[in-house]
Amino acid sequence: MTQVFFYHNAASRIVTAAALLGKACHQGRAVLVYAPDEALAEALDRQLWVAPPTGFIPHVFAESPLAAETPIVITADTAVTEQNERLLNLSEEVPPAFSRFASVIEVVGRQEDERQSARARVKFYKDRGYAIQYFDLAEKSS
């Protein structure tokens, strides 16, 4: 069954997502990033080019001919790839076909609208029997 992880109280969803993607990449793990909002996808793309300051997190958009051999793929359509290890959701909705992935990672900011949509996703997952692990990012910054 798919494991679900919620990282909440992120000061910046983009910075937090980039950090999580960097960690996954360093561990040799592939991640599909579901970002149907084009502006959000482009912001993540920019962040992955500059963070960490002395490095680069290899990533492409799903339309790239290098998508099959790149560990981090950003897309607005979860069906574009057969990768099924990890899905990082940057949407305010439950991603389509999430259950085919071994794990789903949700990043939630501090804005009330983000928190409300995250609560709805938590309820969705719980109602279907998925176990959820929570990570409070506010505790780490204290």
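The values are calculated or read from the model by the stated rules, or taken from the named source; none is laboratory data. Just so we're clear, the structure is a prediction, and the values are computed from it rather than from any experiment. Reconstructed Cβ throughout: ideal geometry from the backbone, glycine too, with neighbour counts over all protein chains shown. Surface areas here come from the heavy atoms of the whole protein model, side chains and all, with no ligands, DNA or RNA. Shrake-Rupley method; radii C 1.70, N 1.55, O 1.52, S 1.80 Å.
Quick check, is V94 touching a residue at least 40 places away in the same chain (Cβ under 8 Å) and of a type outside the set (D, E, K, R)? Before you say what the answer is, go through the steps one by one.
Values: touching a residue at least 40 places away in the same chain (Cβ under 8 Å): no; of a type outside the set (D, E, K, R): yes.
Spelling it out, it is not the case that V94 is touching a residue at least 40 places away in the same chain (Cβ under 8 Å) and of a type outside the set (D, E, K, R).
Considering only segment 1-24, state which residues are in a loop (DSSP other than H, G, I, E, B) and either modelled with pLDDT under 95 or open to solvent by 80 Å² or more (accessible area, probe 1.4 Å) (or both). Spell out the reasoning first.
Start the filter on segment 1-24 by keeping residues that are in a loop (DSSP other than H, G, I, E, B), which leaves 1-2, 11-12.
Of everything in segment 1-24, those that are in a loop (DSSP other than H, G, I, E, B) and either modelled with pLDDT under 95 or open to solvent by 80 Å² or more (accessible area, probe 1.4 Å) (or both) turn out to be M1, A11.
Out of F56, F98, I need the residue that is of a type in the set (A, V, I, L, M, F, W, C) and more than 16 Å from G22 (Cβ to Cβ). Which one? Write out each step before concluding.
Working: F56 fails: more than 16 Å from G22 (Cβ to Cβ).
Only one candidate qualifies: F98.
Take segment 25-40 and flag every residue that is open to solvent by 30 Å² or more (accessible area, probe 1.4 Å) and part of a loop (DSSP other than H, G, I, E, B).
Across segment 25-40, the qualifying residues are Q27, G28, R29, P36, D37.
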